[in-house]
1. Can you grab the distance from the C-alpha centre of segment B:1-74 to the C-alpha centre of segment B:498-553, Å, no decimals?
2. Note the buried accessible area between B and A here, summed over both chains, with a 1.4 Å probe, in Å² to the nearest 100.
3. Do any GluC sites (Glu not before Pro) in segment B:425-515 lie in a loop, going by DSSP, with at most 16 other beta-carbon atoms within 10 Å of their beta carbon, and if so which?
4. What is the helix-to-structure angle for A:384-397, meaning the angle in degrees between its Cα long axis and the longest Cα principal axis of chain A, kept from 0 to 90 and rounded to the nearest 10?
5. How big is the charge dipole of segment A:205-361 about its Cα centre, in debye rounded to the nearest 20, if each Lys and Arg gets +1 on its Cβ and each Asp and Glu gets -1 on its Cβ?
6. With a/c under 1.5 counting as rounded, go ahead and sort segment A:442-522 into rounded, prolate or oblate using the C-alpha gyration tensor (a ≥ b ≥ c being the square roots of the eigenvalues; past the cut-off, prolate if a/b is larger than b/c, else oblate).
7. Within segment A:461-526, list the trypsin sites (Lys or Arg not before Pro) lying in a DSSP loop whose Cβ has at most 12 other Cβ atoms in a 10 Å radius.
8. Residues of segment A:197-213 losing 10 Å² or more of accessible area relative to the isolated chain, 1.4 Å probe, heavy atoms only?
2 protein chains.
Amino acid sequence: MTIPSDIRIAQEATLLPISDIANGLEIETIEPYGDNKAKLPLSLLENQKKQGKIILVTAINPTPAGEGKSTLTVGLGQALNKIGEQAIVALREPSLGPTMGVKGGACGGGYSQVVPMEDINLHFTGDLHAITTAHNALAAIIDNHIHQGNDLQLDSRKVQWKRVLDMNDRALRDIVIGLGGPINGSPRESGFDITVASEIMAVLCLASDLKDLRHRLSEIVVGYNTDSEPVTVSDLKVEGALALLLKDALKPNLVQTLENTPAIIHGGPFANIAHGCNSVIATKMAAGLSDYVVTEAGFGADLGAEKFLNIKTRALGIDPSLVVIVATVRALKMHGGVAKDALKTENVEALNQGIANLEKHVETVRSFGLPAVVAINKFTHDTDAEIQAIFDWAQANDVAVELADVWANGGEGGRDLANRVIREIGEHPATFTRLYTPEQTIREKITTIAKTVYGATGVEFSPVAKKQLKELRPDWELFDVCMAKTQYSLSDDPKELGRPKDFTISVRELRVSAGAKFIVVLTGNVMTMPGLPKEPAALKMDIDQEGKVIGLF
Amino acid sequence: MTIPSDIRIAQEATLLPISDIANGLEIETIEPYGDNKAKLPLSLLENQKKQGKIILVTAINPTPAGEGKSTLTVGLGQALNKIGEQAIVALREPSLGPTMGVKGGACGGGYSQVVPMEDINLHFTGDLHAITTAHNALAAIIDNHIHQGNDLQLDSRKVQWKRVLDMNDRALRDIVIGLGGPINGSPRESGFDITVASEIMAVLCLASDLKDLRHRLSEIVVGYNTDSEPVTVSDLKVEGALALLLKDALKPNLVQTLENTPAIIHGGPFANIAHGCNSVIATKMAAGLSDYVVTEAGFGADLGAEKFLNIKTRALGIDPSLVVIVATVRALKMHGGVAKDALKTENVEALNQGIANLEKHVETVRSFGLPAVVAINKFTHDTDAEIQAIFDWAQANDVAVELADVWANGGEGGRDLANRVIREIGEHPATFTRLYTPEQTIREKITTIAKTVYGATGVEFSPVAKKQLKELRPDWELFDVCMAKTQYSLSDDPKELGRPKDFTISVRELRVSAGAKFIVVLTGNVMTMPGLPKEPAALKMDIDQEGKVIGLF
């Protein structure tokens, strides 16, 4: 069977009017954005009728072979509805920048997609544009403050607030601004990040309501004054303006899957320098509207799930019920040492080696007191012997595992997985505990994650990081930690696949995200502004005279 | 009588559901954006039932005293409906950048506003964000092309395509990008303009349909190669991607006035380096839906109306029927030499001197074969003697003039003006001719405008401009000219108020906007990225817990 392209499948889908999707959820008022998208009012957070169970979808450490986490999240949502349960999918919003660069959307794929993918992958309802605008308004206010007399005595060498664009644009990473003489301000070094790396994105995704959003915005540290004291948004008096610019972006977006399963798509912070999950408001709202919420976190379980469980759930106030860990035969073989061009050849030995990576993530999930189900996302060249090897391992280690074929078959291909998830939730009630408490020191929190989640023997702090640890304000010690580490390995070396042993984690630097209320812990270099490839995906994109989208994946 | 603030009036207005406004215009399908905004489908341009008459609202040269052109445009639209005619208002979209900076919106004022002004003044339906994105995607593609081998041999010193943000941010005017080593590209000088200065904004506003938009995008010149040949978007192969990014932005937006008069708000190019009018598509669509379209052009008649009549109408394909020229007693007194702090004092002599400015604009309008009506926008401190002086001048010179009080009284305050406009259209059918033909040289076109519209004795071209005139490609000679001149004076010296005599216009430089199909003619320095004032308006903005907007004007 040949599966058409994602855009072809999406364009041929029969979408329900978004008002019908809303009616199905007994939502009385929506703000439609065209026929197939809507904003949901924040009033839905009040007097919620349901307390849906949260199913988190995460994955093994990503490889170039692909895992299909979003596809599986959408497919599981569809499958749950297929077996008679009521489920909502809660996803992150795609970033437009990478869409222009690398082929591959963020709406799932095959017969497990959220639609209209042409809109969701581009401007959608404008949330990312609002965040870009709020972020850059703050940047303009900062440089204007310095230019107009600098009452706050901001040290222009210590302004930490850069600018952002939702674009892959390497030329903007390191720039000098304010050139051209006094009427253009003072020259200083700065740069642009991609919008999803903005602290405002993280803040929007962790805020519980408009008031909390405004408060968190006010606490953002934009830089330091000449006495090395932090200068915040509240010092600049623009938390009101920023909250105003975000008033609509704070409302979650309702769309649907190819099988008309409701999908709430809202927020999408980076999974390295931020926490990589859709918004707290969206997940909470979804839980109030349905019996099950299937949601995902960025990268592998060592980054995305860890942050979902330690950071997001604290703001969310709902304990998750189960974690699905997505793996593929191909990716496990890569973790076992197979090169990308040899993935089509059966190799049970390498697979068995690579399973060590999956095994670690199962242990991690269990260390949070949560049941785990492994979902094997089926690919064409998987052999029976390879699949059997995974099931053998699972049986020997008492791990729940199911095969899923949601890319080719939609919800139908996820029936076994959906049934298993429901059964596991019933048979293994979660006893959820976070890995650290707010009262532990930042150093302790980092060490706990490194040892428990990564399997490291310890943490080495650079002289800079040690100094920063000493100088943390007491209220910042209560923050969560947000690890910025390579997604490709459990260690901080992207080349160490599988399950590395006997390694330490090197912490280079800390950064305070006081609005998000976490300390970003940098291990190695973290890229916050991607570049475009030699042949950007944009070159294939087009639109015909009737407005039909061409070449978008 | 005390008039409440604009935002107070707007928030207390009774808006009709936008579907009701659409129904009133017999529009069958809209794309709602919430309850009070909608995108109109481009299919409305086909088989249009009506051929509405176009009424252009322009003004004398702007002064710090204010003219209230947008207010009058909205008010006249309301007034026409009040006297039993069917009229639509067609306006430009406000730019968010200045909204953050200087108090004062772009939605009209008092009881003549378009609503919901909180949305229209901020993100609206995302059109400007889409333009920002398309513009910056092209910029990223350019720098990526150079970085990845530069097959087109773009001369990085001659890249003319800057980046844009819808923000007032002086620190971004002159920057150096690509610093930080080879992985970040090559260092070069560049900068940011405000989004409304993007050629893509001009292109979007002049395009007749999606196909024309795509074609115009392909023709945009981004810079020159090492042989000094122009490099276009089509050379970079991204006209399809850019058109795709603009697919929704190309659709006009339907809103309403405080009195539920339909308003189509779409596009807003700068009125100096671009043509300063709302989109051709919006105006054409409005003409197909109503008997009268009241629309405006930027700055005074020497810039906005000249460009509307010479540039926009060529793309529009509809001749306008009448031009309203807005003036105020206050502004005329400033043109007569009165300082801003002395405007409350009666001064008939200064007023009579300042009328010379108005008189020139009446002559200009008539030189296009169009009837003119002067609208005196009433202010509190205007005295009877001052008003009478204007009427005396009008009678002596056979000029139609009416007093309008639409700020304080809405449509009711514009009845006389509305009646007069209808009468003049009936009694003085337009014999519209543009001031130049495409076949005239660019030099001739510039000289014609300088002499006929500004009243200059001639034009002086700088050595650079002379060289550029010589090097123009033959197909570019057929373009229109888009004059970038100070808006404050008929001359190119902003201090020369009233009606300057015996002056020449100095042309410094030409720039090719091949997508917009005009040659920008720069006289003096033109600011394309504004800055923020010492106390930006953003500092007063806020939103309360219930989502009510505070401090937006």
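1. 23 Å
2. 5800 Å²
3. Details: sites: B:GLU427, B:GLU439, B:GLU444, B:GLU460, B:GLU471, B:GLU477, B:GLU496, B:GLU509; in loops: B:GLU439, B:GLU496.
Here the sparse-neighbourhood loop sites are B:GLU439, B:GLU496.
4. On a 0 to 90 degree scale, this one is about 70.
5. In total the dipole reaches around 220 debye.
6. Working: a/c = 2.13, a/b = 1.88, b/c = 1.13.
Prolate, because a/c is 1.5 or more and a/b exceeds b/c.
7. Numbers: sites: A:LYS466, A:LYS467, A:LYS470, A:LYS485, A:LYS495, A:LYS501, A:ARG508, A:ARG511, A:LYS517; in loops: A:LYS485, A:LYS495, A:LYS501, A:ARG508, A:LYS517.
When the trypsin sites (Lys or Arg not before Pro) of segment A:461-526 are filtered for loop state and at most 12 Cβ neighbours within 10 Å, A:LYS495, A:LYS501 remain.
8. Output list: A:LEU210, A:LYS211.
The values are calculated or read from the model by the stated rules, or taken from the named source; none is laboratory data. Bear in mind that the values here come from a model prediction, so they are computed numbers and not experimental data. In this analysis, Cβ positions are derived from the backbone assuming ideal geometry, glycine residues included, and neighbour counts consider all displayed protein chains. In case anyone asks, the SASA skips ligands and DNA or RNA and just uses the protein heavy atoms, side chains included. Shrake-Rupley method; radii C 1.70, N 1.55, O 1.52, S 1.80 Å.
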